[in-house]
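Notes for the one structure printed next.
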Amino acid sequence: MSFFDALTRAEEAGLDLVEIAPQSVPPVCKILDFGRYKYQAQKKAAEARKNQKVVEIKEIKVRPNIDDHDYGVKLRQSRTFIEEGDKVKVTLRFRGREMAHQDLGYQLLDRVKADMQDIAKVESDAKFEGKQMIMILTGR
């Protein structure tokens, strides 16, 4: 149908002629109430935003010479965070002479990685930032 015929039909019906697919040949148009169309699109976008989960980064702070029980508590907490859909940032802070034993830090983060491998994968491997090592885990 020609553009002018479609436009006169739309005006007779009291509606708008809306171009749906401008890149196709010939362009596809619809006769509809544009205000209502915009309102429905806005409602659909708001519903999609409402159902969307924002991924947060939760931080777990540990020290190189952490006790086994404390390690278990931190591990359980990080499992909870990952099961809720969040990312976990494991921060290993060194103080004073602990900087001389960075290998203990790598061993601890490898232990965390091994204990969490069933529900998490490593997004960013262990790296140094100042006096702390950081590793980020995310759900599978």
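The values are calculated or read from the model by the stated rules, or taken from the named source; none is laboratory data. Every value quoted in this text rests on a predicted model; they were computed, and no experiment measured them. Cβ atoms come from the backbone with ideal geometry, glycine included; neighbour counts cover every protein chain shown. These accessible areas exclude ligands, DNA and RNA; they are computed on the full protein's heavy atoms, side chains included. Shrake-Rupley method; radii C 1.70, N 1.55, O 1.52, S 1.80 Å.
Some observations on this one:
- Close pairs (9 angstrom Cβ cut-off, 6 or more residues apart or separate chains): under 12 Å from Ser78 (Cα atoms) in region 105-126, surrounded by 13 or more Cβ atoms within 10 Å (Cβ to Cβ) and of a type in the set (Phe, Trp, Tyr) anywhere: Val112/Tyr71; Asp115/Tyr71
- Residues in region 1-19 that are open to solvent by 80 Å² or more (accessible area, probe 1.4 Å) and not basic (Lys, Arg): Met1, Phe3, Phe4, Asp5, Glu11, Glu12, Glu19.
- Among the residues of region 114-137, those that are aliphatic (A, V, I, L, M) and either in a strand (DSSP E or B) or open to solvent by 30 Å² or more (accessible area, probe 1.4 Å) (or both) comprise Ala114, Ile119, Ala120, Val122, Ala126, Met133, Ile134, Met135, Ile136, Leu137.
- Cβ-Cβ under 7 Å pairs, at least 6 apart or on other chains, region 88-99 side crowded, with 16+ Cβ neighbours inside 10 Å, far side in a loop (DSSP other than H, G, I, E, B): Leu92/Pro64; Phe94/Pro64; Phe94/Lys131; Glu98/Pro64
- Residues within region 36-83 that are in contact (Cβ under 8 Å) with a residue 12 or more places away in the chain and either in a loop (DSSP other than H, G, I, E, B) or within 30 Å of Ala13 (Cα to Cα) (or both), tallied: 8
- Test: Gly72 is exposed (fewer than 15 other Cβ atoms within 10 Å of the Cβ) and at positive phi: no
- Region 21-39, residues that are of a type outside the set (Ser, Thr, Tyr) and surrounded by 11 or more Cβ atoms within 10 Å (Cβ to Cβ): Ala21, Pro27, Val28, Cys29, Lys30, Ile31, Leu32, Asp33, Phe34, Arg36, Lys38
- If the condition is being out of contact with any Lys or Arg (no Cβ under 7 Å at 6 or more places or on another chain), of a type in the set (Val, Ile, Thr) and closer than 25 Å to Ile119 by Cα, then region 22-81 contributes Val54, Ile66, Val73, Thr80.
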